[in-house]
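The values are calculated or read from the model by the stated rules, or taken from the named source; none is laboratory data. Here the structure is a predicted model, which means the values were calculated and not measured. Ideal geometry is used to build each Cβ from the backbone, glycine not excepted, and the neighbour counts take in all protein chains shown. The area values use the complete protein model at the heavy-atom level, side chains included, leaving out ligands, DNA and RNA. Shrake-Rupley method; radii C 1.70, N 1.55, O 1.52, S 1.80 Å.
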Amino acid sequence: MQFRWDTFRYNNNSNVIRFDNLRSLKLLSTESGFDLSQILGLNDHMPQLVFPKLTTLTIYYLPLTTNEVKYIMKAPLRKLDYSGCLDTAHMICNQSTFYLEDLSISINLYNGNILFDNMIGKTNEMFSKTAGIAKVTLTLTWQSNIIDFTDVYWPHLTHLYLNGPFDLYALFLAIPRMPNLVDLLARPTLSYTPE
């Protein structure tokens, strides 16, 4: 059964539904096949949803297309909390983020074969584009492979939370390439000793 947005229409002739006072929205995926384009009205046959006062958006494990990311990344948004895959986080950071005050990215690397070199390259690009955001948080969780922080360059990152196996010495050597870091929590899940 499909949800019908007609209940929220002020004018039956309008193809836009406005939530004029909504300031916070949480989109949490509980099932696969969740179609955000349909919910937001990005399809021609659906009404378009408008949130003119939305300042806080939480997206939790929801697959997003490029068009959906462009649609949600609009002012007056001030806080964005995203949990999900690296590629979507990368798309989000490639959008204009100058109006954000708080950006929180949480990436779980358990799924699939992640190339850690690729992960470092993408996160370097992501966090080089977040200048001007007061609080930039990255939470990384992974289970296998030691992440090598040698090539990390996250100049605008302010908060870093790590949960997985890593070389503590390499992490300490990377800290100077995170000059704005004010909070670090590193929880190694496996003991690691360099050879």
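Couple of notes before you dig in:
- When each of the peptides 169-180, 131-142 is scored by how many other beta carbons lie within 10 Å of its residues on average, the order from highest to lowest is 131-142, 169-180.
- Each residue of the range 165-182 is assigned a 3J(HN,Hα), and the resulting list reads x, 7, 8, 4, 4, 5, 5, 4, 5, 7, 4, x, 8, 10, x, 9, 5, 10 Hz, derived from the Karplus form 6.51 cos²θ - 1.76 cosθ + 1.60 (θ = phi - 60°), x at Gly and Pro.
- Extension gain, Ser96 back to Val16 (0.36 nm per residue minus Cα-Cα distance, nm): 26.4 nm
- For Ile17, the residues whose amide H sits under 5 Å from its own are Gln48, Leu49, Val50, ignoring neighbours fewer than 5 places away on the same chain, with H placed 1.01 Å from N.
- The alpha-carbon of Lys129 sits under 24 angstrom from the alpha-carbons of these lysines, leaving out residues fewer than 8 places away in its chain: Lys70, Lys74, Lys79.
- Each of Lys70, Lys26, Lys122, Lys79 has its accessible area taken with a 1.4 Å probe; listed largest first, they run Lys26, Lys70, Lys79, Lys122.
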